[in-house]
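J.: Sharing a structure, written as structure tokens. Questions coming.
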């Protein structure tokens, strides 16, 4: 008895050519998390899939369970090609970085509705020409938050003192923000206004990227904070980060 066909909306994170005409895809879905799909003869016949298999594309895929870990992809209905990403190298690199973060931080087969919505909104913002540096900071911050790795921001992670108008430091290895008494010589100097801005953004829906434009100082210090946190939780440095840093 054959496997029953199923349908599911997904974002294409990556594709790899296999053999003479087949393709292997990494898909991200809300219902099933990360999935691996096998598209037979996808490069030989564009009729079934067309440009649907390109990275960052969103589509409804029809598939069957294969014998191994791979889904057997049968058909796809295009929802969003995000073609605008292809015209700007910076945005393309940021999109690659975003999907690689998701690939590295999520387990295969783990449902992820909120993170699926977050990634869709991030890619849409880049595709539509939003503020790309603010979008990156928002995406990293919200991803860390939704995965449960958020550091302490508005109070000292050691003594739990709530910050007033004072200088603070940040050290992800010690849980986040620190008052100067607790910090000693560890961490980097951060403005209270920066952590306040980051904390406020978490009160706004994870789907909203439009309208955000952080100051150069918030972007610079926010990047210091998120770089520390991501280095702690990532299994390895994203390959796309090196390319992104060169742009």
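Readers should treat all values here as calculations from the given coordinates under stated rules, not as data from a laboratory. Owing to the predicted nature of the structure, the values given are computational and were not obtained by experimental measurement. Cβ: placed from backbone, ideal geometry, glycine included. Neighbour counts: every protein chain shown.
J.: Among (i) 20.3, 65; (ii) 18.1, 58; (iii) 20.3, 69, only one was calculated for this model; which label is it, if the read-out is Rg and Dmax of the Cα atoms in Å?
T.: Computed from the coordinates, Rg and Dmax of the Cα atoms in Å corresponds to (iii).
J.: Length gain on complete extension for the stretch residue 70 to residue 7, per 0.36 nm per residue less the alpha carbon to alpha carbon distance? Walk me through the intermediate numbers first.
T.: On the way: separation 63, 0.36 × 63 = 22.68 nm, distance 1.50 nm.
Going from the current span to full extension adds 21.2 nm.
J.: Determine the relative contact order of region 6-81: mean sequence separation of Cα pairs under 8 Å and six or more apart, normalised by residue count, in whole percent. Before the final figure, lay out the partial values.
T.: Details: 177 pairs, mean separation 23.9, N = 76.
Averaging sequence separation for qualifying contacts and normalising by length gives 31 percent for region 6-81.
J.: Also, I was wondering about something else. Round to the nearest 10 and give me the degree value, 0 to 90, for the angle of helix 132-146's Cα axis relative to the longest principal axis of the chain.
T.: In the chain, helix 132-146 runs at an angle near 90 degrees to the longest axis.
J.: Where does helix 192-201 land angle-wise versus the long Cα axis of the chain, in degrees 0 to 90, nearest 10?
T.: Helix 192-201 and the main axis of the chain meet at about 30 degrees.
J.: Percent antiparallel among DSSP beta bridges with both residues in region 6-81, to the nearest 5? Display every interim value, and only then the final one.
T.: Numbers: 28 of 30 bridges.
Beta bridges within region 6-81, antiparallel portion: roughly 95 percent.
J.: Roughly how tilted is helix 113-127, in degrees to the nearest 10 and between 0 and 90, from the longest Cα axis of the chain?
T.: 90 degrees
J.: With label points built 7 Å along Cα→Cβ from the Cα atoms of residue 227 and residue 202, find their separation and express it in nm.
T.: 2.2 nm
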